[in-house]
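Notes for the one structure printed next.
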Amino acid sequence: MGNRFLTNVLNSDLLFNSTITAKVSGTFLDGNLNGQWSLDRTKFISFANNGISSYYQSQLNGFSYLFDGKAVDFSKVTKVTETSKANFKDNHFDGQFTYNINNGKSTINGQFDEDGYLNGIWTVNYYSEGVLHFLNMSYQNGVLLTIKEKDNSTGITKIIYDQSFETIEFFQNYNKEENSSLINGKIYRLIK
């Protein structure tokens, strides 16, 4: 089991100060990533005290007021937490993958197949302009089939991308040893 700790303080004299602390842990087998790995990272972000003149502070407040009616709090420190878990086999992704920000406010969940390709349904939950959105992306052997998005405020689900017919046809004719598929007289290959 290997544990790595990283603390990094980055100061910007223009706009922001930030401190990032991260912990990464997991196992190796014969020098390769193997088994479950986890990442826990915390960021503290604030405006630089000397980086924004009073003129630019008033400009930022003016823009903020126009778009969302709120004044910018230049003294506020924002904390962002990120956690992730991934499984590895012989140095590539294999199995479940999870990632979340601020205890699940935004998430990504999915899985990789035994060859390290995205596979099955991947879900992404995120906020945009205060509204929760859900994305469902379906993959087959690393190839994207569909993307569906649901706006939680309206409940409407729309298809953003759909290549499922072409992808299914590709894999029905796929020869893994030759990494090729013959469709309508043309040869197609998977690339990494």
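All of the numbers you see were taken from the coordinates with simple rules; none came from a lab. Just so you know, these numbers come straight off a predicted model, no measurement behind them. In this analysis, Cβ positions are derived from the backbone assuming ideal geometry, glycine residues included, and neighbour counts consider all displayed protein chains.
The modelled label-to-label distance between Ala22 and Leu144, using points 7 Å beyond Cα along the C-beta direction, is 2.4 nm.
What FRET efficiency would be calculated for the residue pair Ser46, His133, taking the C-beta separation as r and a Förster radius of 30 Å, to the nearest 0.05?
Values: r = 28 Å, r/R0 = 0.93.
The calculated FRET efficiency here is 0.60.
Note on Glu114 and Asn179: the extension gain reaches 21.8 nm, defined as 0.36 nm multiplied by sequence separation minus the Cα-Cα distance. A simple spin-label model places the labels of Asn102 and Tyr188 4.0 nm from each other, with each point 7 Å out along Cα-to-Cβ.
Judged by the ratio a/c of the largest to the smallest principal axis of the C-alpha gyration tensor, segment 135-176 counts as prolate, that ratio being 1.5 or greater while a/b is larger than b/c. Within 15 Å, Cβ to Cβ, of Asn34, how many net charges do the neighbouring residues add up to if Lys/Arg are +1 and Asp/Glu are -1? Once positives and negatives cancel, what remains is -2.
Report note on the peptides 114-121, 158-165, 136-143: ranked by the mean count of other C-beta atoms within 10 Å, highest first, their order is 136-143, 114-121, 158-165.
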